[in-house]
Protein chains: 2
Amino acid sequence: MALPVVAIVGATGAVGVELLECLEQRDFPLSELRLLASARSAGKTMTFKGKEITIQALDENSFDGVNIALFSAGGSISKVYGPIAVKAGAVVVDNSSAFRQDPNVPLVVPEVNPEAVKQHQGIIANPNCSTIIALVPLWPLHVKNRITRFIAATYQAASGAGAAAMEELREGTRAYLEGKPFTPTVLPHPYAFNLFSHNAKVDPANGYNEEEMKMVKETWKIFGDADIRISATCVRVPVLRAHSEALTVEFERPITPAEVKDILATAPGVRIVDDVEKNYFPMPVDASGQGDILVGRIRQDISDPSGRSIQLFVAGDQLLKGAALNAVQIAELL
Amino acid sequence: MALPVVAIVGATGAVGVELLECLEQRDFPLSELRLLASARSAGKTMTFKGKEITIQALDENSFDGVNIALFSAGGSISKVYGPIAVKAGAVVVDNSSAFRQDPNVPLVVPEVNPEAVKQHQGIIANPNCSTIIALVPLWPLHVKNRITRFIAATYQAASGAGAAAMEELREGTRAYLEGKPFTPTVLPHPYAFNLFSHNAKVDPANGYNEEEMKMVKETWKIFGDADIRISATCVRVPVLRAHSEALTVEFERPITPAEVKDILATAPGVRIVDDVEKNYFPMPVDASGQGDILVGRIRQDISDPSGRSIQLFVAGDQLLKGAALNAVQIAELL
């Protein structure tokens, strides 16, 4: 079988850069890598395995001969160019939310539901970062003892809003420290030494924002279990590129922290960081650049006397496992 | 009645500075303000109502003639000098955790249990910041519909670890932005664009840290209801002086967000910041310098089909309502 031609759509974005890195580091088998971006970036070059590749402007002919197209340029680009890529014969792995709830599109975390990839009709969706980071450690627990409810409070990094938001966090913080005024343009609120409820649109009907509802609906689809009761509070914190989450998880039957640790010790994509003695637990600084989800603070929830609830604290690189790495892992399944 | 002589123990600390500010801004009636600190700070001056007051080194004779002593110099100072101040005839309002669980010491949030002040035997304890910030909005709800369980995930500021931690956050961040190495000395982990599980000691028996257990036990004592099931995840985020908390609150009977808003609209010490349309909710930057606890994201918890659970997001100034202001309010009750 000939090696595939792979395209990255949105190659210059925060996730695009990591997609290229992941393909290189994992030595993804390919015969050609095509880098696509807006006309503004066309003509610039990026380095892949020591060779310069010139970025091409995305257009309707960009996908001729492409076998796998990794999209990370926002939902509207995916909606327009995803079907064009499929028509040209490519399989699309889409990092946007455009197709995630489409019943014909598998939504895949390779550690959870790799078999779903087979049902694709041209497009496979990559879940939202917060969802992936929670589900990698929750799935092996769910398999052993069904999860009936979970409550998440997130601590989300700037990277989730793209490279410009990361830069805004750096620049806004620099200005704050120098006592200079700074007006944010990417995110709606001051970010230096501040935090705010996730800026996704809030549904006035139930009070949840879209980021929170993604966590609910994507979990149902990926786990294939829409009876799990889920609620989330999604918050942006002044951290650059790793998300953390405080999870309270209720199971069908009683479960102990020791059982959870046993299960997670051998779970793929999970690293336990839970040193009570040294007060060392998952931190963004340690999760950044790592493919694994760090899991710690594993304890019996003392607010549930039935012994069925566990609390956890997790951290994962938003750009890697939360986006680029998961997409490349999906491509590897193809 | 003669106006009282008031002493601040730990006057130069992060909370000490705010105590002085609160006394001035609230025009607290006093005949003399005595500023006490370590020998290192003795001789320096601080300004109160336009007059310079010379800081005195704390010793066994510091409390002669003092009627009210506001302590904020750590638990070990409180344990040694609190009883000395009481013996000298002062009423101690103690900001440390030294006496909070002592059955002879009232633990007071003026909006919740002001009447408890009367039972003092010389010492009144000021609760932990995270507890106060949660309880000011939860109490008026609890009165109307008993709270049976709550789960908190906190986003705690540097100020909770004192002025040196705030400076370490600033300096560590500056170093990070300049690409320079920085070794933290006040807090155990890197703080710039990072977060970490609260550095209080973790109990190996149940996996909760002392900060989290304070929230449980102090709530029980202040509310006078040890049947409320509580669990917390306490996290330090790179914010300077206001704590935020994501709260999931279960009530005895069904309750709606509209009822919660109605109750909180007239609750003392609470300001509702809940603009769904503008995506504007409580933020540390807005809570800083404010006496009120900001409350928003008021919504029915969609993970509890019984309709008895509400989710909230709150923010409060850790140094003011979380510490100094609450202590001064207690002193006003005297």
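Give me B:Thr154, A:Thr12 ranked fewest to most by other Cβ atoms within 10 Å of their Cβ, as a rough exposure proxy. Before the final figure, lay out each step's value.
Details: B:Thr154 28, A:Thr12 20.
In order of increasing Cβ crowding within 10 Å: A:Thr12, B:Thr154.
Let me have the relative contact order for region B:131-318, percent, based on Cα pairs under 8 Å that are six or more residues apart. Let's see the in-between values first.
Numbers: 386 pairs, mean separation 54.1, N = 188.
Computed over region B:131-318, the figure is 29 percent.
For chain B, what is the calculated [θ] at 222 nm in deg cm²/dmol (nearest 500), taking -39500 (n - 2.57) for each run of four or more DSSP H residues and dividing by its residue count?
Numbers: 8 runs with 92 residues, N = 334.
Calculated from helices alone, the mean residue ellipticity at 222 nm is -8500 deg cm²/dmol.
In this Cβ point-charge picture (+1 for Lys and Arg, -1 for Asp and Glu), region A:184-227 has a dipole of about 160 debye about its Cα centre. Taking B:Val273, B:Val186, B:Val249 in turn, the Gaussian network model of chain B (Cα-Cα springs below 10 Å) assigns the largest fluctuation to B:Val186.
Going by a ≥ b ≥ c, the root eigenvalues of the Cα gyration tensor, does region B:11-78 fall in the rounded group (a/c under 1.5), the prolate group (a/b larger than b/c) or the oblate group?
Since a/c stays below 1.5, the shape of region B:11-78 is classed as rounded.
Placing dummy labels 7 Å off each Cα toward the beta-carbon, the span from B:Phe182 to B:Asp64 is 4.6 nm.
Remark: label point of B:Glu115 defined 7 Å out from Cα along the Cα-Cβ vector; separations to the same position in other copies 6.3 nm, ascending.
Rounded, prolate or oblate: pick one for region B:71-180, where a ≥ b ≥ c are the square roots of the eigenvalues of its C-alpha gyration tensor, a/c under 1.5 means rounded, and failing that, prolate if a/b is larger than b/c, else oblate. Judged from the Cα gyration tensor, region B:71-180 comes out oblate (a/c at least 1.5, b/c at or above a/b).
Placing +1 on each Lys and Arg Cβ and -1 on each Asp and Glu Cβ, with no other charges, gives region B:1-156 a dipole about its Cα centre of roughly 420 debye. Across chain B, the relative contact order, built from alpha-carbon pairs under 8 Å that are at least six residues apart, equals 18 percent.
Taking only the Cα atoms of chain A, the radius of gyration and Dmax are 20.1, 62 Å. Secondary structure note: in the protein assembly as shown, about 50% of the DSSP beta bridges are antiparallel.
Remark: the A:Ala205-A:Glu277 segment gains 21.4 nm on full extension, using 0.36 nm per residue and subtracting the alpha carbon distance.
Is the C-alpha gyration tensor of region A:188-334 telling us rounded, prolate or oblate? Criteria: a/c under 1.5 is rounded; beyond that, a/b larger than b/c is prolate, otherwise oblate. Rounded. For B:Asp59, the point set 7 Å out from Cα toward Cβ sits 8.7 nm from its twins in the other copies, listed from shortest up. Nearest chain A C-beta to the A/B rotation axis, reported as residue and distance in angstrom, is A:Ala153, 2. Just so you know, the averaged projected area of the alpha carbon convex hull for the protein assembly as shown sits at 30.3 nm².
Listed by chain and number, the lysines placed with their C-alpha closer than 25 angstrom to that of B:Lys49 are B:Lys321; residues fewer than eight positions away on the same chain are left out.
Sort B:Asp274, A:Asp275, B:Asp304 by Cβ crowding within 10 Å, fewest neighbours at the top.
Details: B:Asp274 23, A:Asp275 11, B:Asp304 20.
Ordered by Cβ neighbours within 10 Å, fewest first: A:Asp275, B:Asp304, B:Asp274.
Positive-end ranking of B:Val276, B:Leu319, B:Leu294 along the dipole of region B:262-331, with charges on Cβ about the Cα centre, is headed by B:Leu319.
Centroid-to-centroid, using Cα positions, region B:215-269 and region A:83-148 are 36 Å apart.
Arranged from fewest to most other beta-carbon atoms within 10 Å of their beta carbon, A:His120, A:His243 become A:His120, A:His243.
Once the convex hull of the alpha carbons of region B:157-236 is built, what does its volume come to per residue, in cubic angstrom? Could you put the intermediate results ahead of the total?
Working: hull volume 7.6 nm³, N = 80.
Enclosed volume per residue, from the Cα hull, is 96 Å³.
Between copies, the label points at B:Phe182 (set 7 angstrom from Cα along Cα-to-Cβ) are spaced 1.2 nm, reported in nanometres from shortest to longest. Gaussian network model of chain A, Cα springs within a sub-10 Å range: biggest mean-square fluctuation belongs to which of A:Ser78, A:Ser231, A:Ser96? Evaluated over chain A, the most mobile residue of the options is A:Ser231.
Computed from the coordinates by the stated procedures, all read-outs in this text should not be read as laboratory data. Since the structure is predicted, the reported quantities are computational estimates derived from the model, not experimental observations. Cβ sites come from the backbone with ideal geometry, for glycine too, and all protein chains shown count toward neighbours.
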